[in-house]
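To start, the structure itself, in structure tokens.
No lab work stands behind these numbers, since they all come straight from the coordinates. From a predicted model like this one, the values you see are computed outputs, not experimental measurements. A quick note on method: Cβ atoms are made from the backbone with ideal geometry, for glycine too, and the neighbour counts reach across all protein chains shown.
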Amino acid sequence: MPDFSTQAALAQALASRVAEALADHVADHETATLAVSGGTTPVAFFGALSHAALPWPRIRITLVDERDVPADHPRSNTRLVRAHLLQNAAAAAAFVAIPALTESDLPLAAAVLGMGLDGHTASLFPGADRLAEALDGPHLYETITAPDIPEPRLTLTLPVLIAARYVALHIEGEAKRATLRAAQRPGPVPEYPVRGLLARQPGPDIFWCP
């Protein structure tokens, strides 16, 4: 697990690795789809990636999950991506909402996920109502509700996420590193849904900073 001393160093390294994955996929398939997470953690990464020298008109950006709120709502991941990633050189990329994804977007060229202190990733929450379906597929995405989240969410299913050509898990802070260590111990996936991502072969690249 690469450890970085600062958020800026992590953001640059992660952006470089994702840009490489996107460039490789475009070279092989002419287009590439990148799925990213919301929240505050990826903002610096978004800024770094937005400056990458890539064939952005051939790249589609989507989300690993989204809240059931208007696209301009402060809690909208769509709003976050438009404000911080679809800028600079990356303004030429196309944004695709989760329900508009098609089989032509699969497998994803890259997926960059976060993790919560409860061990959720994307919107695969412990105790969620359709967690089993979201972990097993067969659909591209599922609607999820859980006791501690204020609105329903759409989430890409685990099979779609782990089938991406490149997968990164981006976490920050000692508390999340402790959660990650707990999730890395053997146990049922629904207890810490990120275990499903960690079980991917090869495992995801894990980027961490304090």
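Here is how the numbers come out for the structure above:
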item: Dimensionless Rg ratio for segment 128-210, taking C-alpha atoms and the 2.2 N^0.38 Å reference; result: 1.12
item: Nonlocal amide H pairs with Val167, under 5 Å, H built at 1.01 Å; result: Ala111, Asp205
item: Gained length - Thr6 relative to Asp129, 0.36 nm times residue gap less alpha-carbon distance; result: 40.6 nm
item: Hull-based mean projected area of segment 117-159, where the convex hull spans the alpha carbons, in square nanometres; result: 2.7 nm²
item: HN-Hα J in Hz across segment 155-164 - Karplus 6.51, -1.76, 1.60, θ = phi - 60°, x for Gly and Pro; result: 9, 4, 7, 4, x, 5, 5, 6, 7, 4
item: Table column - 3J(HN,Hα) (Hz), segment 4-13, Karplus curve with 6.51, -1.76, 1.60, x for Gly and Pro; result: 10, 6, 9, 5, 5, 5, 4, 4, 5, 5
item: Long-range amide H partners of Thr33 with built H, under 5 Å; result: Arg60, Ala109, Ala110
item: Alpha carbon convex hull of segment 29-90, volume per residue in cubic angstrom; result: 83 Å³
item: Counted charge near Ala71, where neighbours are those whose Cβ lies closer than 12 Å (Asp, Glu -1; Lys, Arg +1); result: +1
item: Percent of beta bridges antiparallel (DSSP, segment 125-210, rounded to nearest 5); result: 45 percent
item: Computed [θ] at 222 nm, helices only, for the chain once each DSSP H run of length n ≥ 4 contributes -39500 (n - 2.57); result: -9000 deg cm²/dmol
item: Stokes-Einstein D (µm²/s) once Rh is taken as the Kirkwood radius of the chain over alpha-carbon pairs, at 4 °C in 1.567 mPa s; result: 77 µm²/s
item: Cβ-derived FRET efficiency at R0 35 Å, Val96 paired with Glu174, nearest 0.05; result: 0.50
item: Of Ser104, Ser76, Ser37, the one that fluctuates the most in a GNM where the chain has Cα springs shorter than 10 Å; result: Ser104
item: Amide hydrogen neighbours beyond the local backbone of Phe95, cut-off 5 Å, H modeled; result: Ile61
item: DSSP beta bridges in the chain [antiparallel fraction, %, rounded to 5]; result: 30 percent
item: Using θ = phi - 60° and Karplus 6.51 cos²θ - 1.76 cosθ + 1.60, couplings along segment 199-210 (whole Hz; Gly, Pro as x); result: 7, 4, 10, x, x, x, 6, 9, 10, 9, 9, x
